[in-house]
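Data block below; observations after.
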């Protein structure tokens, strides 16, 4: 009995139950909501969010109040860079991928160095970086056009790729497998959990704490860059601050998936479920004609509710 | 005239009796020394007087009037002022404000009377004029001061309470000679003015210099009160140790002589750093070297310094023949140095993670692994845990599901997969049960027999006497005495610790 109970309390199970419930709700509110094609469209958006949340996830797992608020800025920057590098030509895709990953890694590295060497709290460091990126985007936008997605990239994101499923969803599934292996089956993954659980004990056991924390921010920047590239493919052309709306949801998806904001506990599979759940919720809110501002309020309130829910669980266990 | 009298005071925390029967009488115009080893109940007695602990039974009289001390404020109201050993200063406020922190002068009911504050500060700072060091002024921020200067502020704060009865709990630990001399002059002056003073110190020379009478506490009981003029340090220490103190450590379990042929595992020459200076010693392969002495005399600081987790300013360390200079634990681990801390929660346990992940980090580092295959690792982890009879249901259960003793076994097991050459044990049995202790020491001796060089610091004398081949007694950050062979007795250990040679 208690076994069933604890199974039902697992965040991923809760998320999956909620997903099914919300699909039924959507179908009831607006017939056609839960058809195959519609669900695929939802999954494409969920992939974008989920890829960003992968980076957010590892940063949060690393502990010491780890959080990356700059992901939205990196997504926008990456979309702009990709659009200008490929400029509508398929031959530009590979250089664009390289340029985006380099940019994401660079800003992630700055975040990581600020957090480890200068000991700036991640919240402040990445918030500052978000400001820098937003300013940078304004400057860039005045000088150069926003650029066009290459047709192959757009096809990869929006059209069926294999077994009728778009490439970006395959990419996301692949990222999910790689993340699960990395976190559970590599020394690097174990060390992420170790520094997130007890940084000092990890240091005393020979874990290179600083290098790992820097790596986590670099990974987060690179995932945000990949998402920015895919987002360009999804919308065809990059526009103002396209990534900003993903910052808060990327954190909610991680928390929804059962990763503790205190670090050291959780995983990526739950985060994937959390991303799907959030996208369905967003879609339902749109279906019943709730404006963007209203959706933001619902998201913010969701995060606070989750914190109350999980926060109380922790207090009761202690 | 009796300033303070405690009779038959007791205090129990749950099932442990911290103080069985505490008696103490402090007269007006005397410095009364309180002595007892760690855990004898001395600090509990002080806390009862200070009002931070309520006694279960017994009577307290102040000026021959029975009183009930309900809390620190009530202690103050009864004329008791206290110097706290754990510094209780506000780091971001000035020296002047800290001196008056206990009772800020107020005018018009709400405003701090700044001129009175200044005058009062000047009065107490003046007492230590000439010995308080540079940049010591009423305006200086406490956080920017040196440790000895902070301790002076703490003393000034206690003096500023102008209480008829003052308690000083190890007030001189950070002070230099001149500062101590000045402080003692002030105490003598207070004596002349009829104040009662309770003085706690572990330095026998200071006790002789300032004390009038001494009360000795052992195992939660007041043993006796003596006139310091009629006694000598050896008698005082004998009373603190109790019977059987002269019995040499059991020889049966530990070989007293280590095969010198095998050479030194660890050599430390003139090592200095934060909390210790000019420490030199050698550990042979197969030897267990004990670090003894009172708490916090540099034993942990030396061990952490060797491991690269503490500040080392000068000196030389060799592991085997190789020169070794650990910039951090990573380097130390790679060179075959292991360190186990008694503070599991801070230094050891990766809480919330499975047992197996708590054992593997050292193996990952020393074998430069990238991939963690649980099935392969389990064949290395399980034997390491079994060598100490660790009880666990599954390697994949969180470490927090284990008892304290079993958690510590897991932490030690992480050093057993890839054997180190040197094992540093920093009070490793703190807070673990007796059977776990027995398992640990059985393993430690086995490791020594296998040829490891082991350094064992323990706050429990019995553990040192029962396991160490040699014991270095630390005092004030350096080694004051070495005990070998039949000299390894409880009495000698105490005598060296209390500097009563």
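From the P(r) of the range A:111-155, can you give the percent of Cα pairs sitting at distances over 16 Å? Intermediate values should be presented prior to the final figure.
On the way: 572 of 990 pairs.
Taking all Cα-Cα pairs of the range A:111-155, the fraction more than 16 Å apart is 58 percent.
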- Query: What is the distance, in nm, between label points placed 7 Å from the Cα along the Cα-to-Cβ direction at residue B:437 and at residue A:10?
  - Reply: 4.3 nm
- Note on the structure: Here the alpha-carbon Rg of the protein assembly as shown over 2.2 N^0.38 Å rounds to 1.18
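Could you order peptides B:222-235, B:485-498 by the average number of other Cβ atoms within 10 Å of their residues, highest first? List each step's numbers first, then the result.
Numbers: B:222-235: 14.2, B:485-498: 20.8.
The densest-packed peptide leads the list: B:485-498, B:222-235.
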- For the range A:37-313, what's the radius of gyration and Dmax over Cα atoms, in angstrom? 18.0, 55
- Query: Order of A:305, A:229, B:369, A:137 from fewest to most other C-beta atoms within 10 Å?
  - Reply: A:305, B:369, A:137, A:229
- Kindly give the semi-axes, whole Å and largest first, of the ellipsoid equivalent to the range A:250-289, taking each as the square root of 5 times a Cα gyration tensor eigenvalue. 24, 9, 5
- Mean shadow of the range B:285-407, computed from the convex hull of its alpha carbons, in nm²? 9.5 nm²
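Give the average over all directions of the projected area of the C-alpha convex hull of the range A:102-243, one decimal, in nm².
With the hull built on Cα positions only, its mean projection is 10.2 nm².
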- Roughly how crowded by other chains is peptide B:359-368, in terms of the mean Cβ count from those chains within 10 Å of each of its Cβ atoms? 4
- Message: Debye calculation, C-alpha points only, no solvent: report log10 I(q)/I(0) for chain B at q = 0.10 Å⁻¹, in the same order as the q values.
- Response: -0.89
- Message: Taking a virtual spin label 7 Å from the Cα of residue B:192 along the C-beta vector, which residues in the range B:127-149 bring their backbone nitrogen under 19 Å of it?
- Response: B:127-129
- Note on the structure: Over all Cα pairs of the range B:2-241, the Kirkwood radius sets Rh, and Rg/Rh then becomes 0.97
- Query: If each residue's Cβ is checked for other Cβ atoms within 10 Å, how do B:112, B:479, A:71 rank with the fewest at the top?
  - Reply: B:112, B:479, A:71
- Query: Simple spin-label model, 7 Å along Cα-to-Cβ: residue A:106 to residue A:24 in nm?
  - Reply: 5.1 nm
- Message: To test your reading of the geometry: what angle, between 0 and 90 degrees and rounded to tens, separates the Cα axis of helix B:114-127 from the longest principal axis of chain B?
- Response: 70 degrees
- the range B:366-472: spread of alpha-carbon positions along the three principal axes, whole Å, largest first, is 43, 29, 18
- Message: Between the range A:146-194 and the range B:405-456, what is the separation of their alpha carbon centroids in Å?
- Response: 46 Å
- Query: Roughly how crowded by other chains is peptide B:339-349, in terms of the mean Cβ count from those chains within 10 Å of each of its Cβ atoms?
  - Reply: 3
- Note on the structure: Label model pair residue B:1, residue B:311: point-to-point distance (7 angstrom along the Cα→beta-carbon line) in nm is 4.8 nm
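Say R0 is 51 Å: what FRET efficiency, to the nearest 0.05, do residue B:325 and residue A:134 get from their beta-carbon distance?
Step by step, r from the Cβ atoms, then E = 0.65.
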- Message: I need the peptides B:177-188, A:75-86 ranked by packing, meaning the mean over residues of other C-beta atoms within 10 angstrom, with the highest value on top.
- Response: A:75-86, B:177-188
- Query: Across the residues of B:157-170, average count of Cβ atoms on other protein chains within 10 Å?
  - Reply: 0
- Query: So how do A:70, B:341 line up by other beta-carbon neighbours within 10 Å, fewest first?
  - Reply: B:341, A:70
- Message: Cβ neighbours within 10 Å, averaged per peptide: list B:62-68, B:205-211, A:176-182 in order, most packed at the top.
- Response: B:205-211, A:176-182, B:62-68
- Starting at 0 and stepping by 10 Å, how many percent of the alpha carbon pairs of the range A:10-76 end up in each bin? 18, 34, 31, 16, 1
- Message: If you build the convex hull over the alpha carbons only and average its shadow over all orientations, what do you get for the range A:151-224? Give it in nm² to one decimal.
- Response: 6.1 nm²
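FYI, it's all coordinate maths here, none of it is from the lab. Remember, it's a predicted structure, so these values are computed and weren't measured experimentally. So basically every Cβ, Gly included, is an ideal-geometry build from the backbone, and we count neighbours across all protein chains shown.
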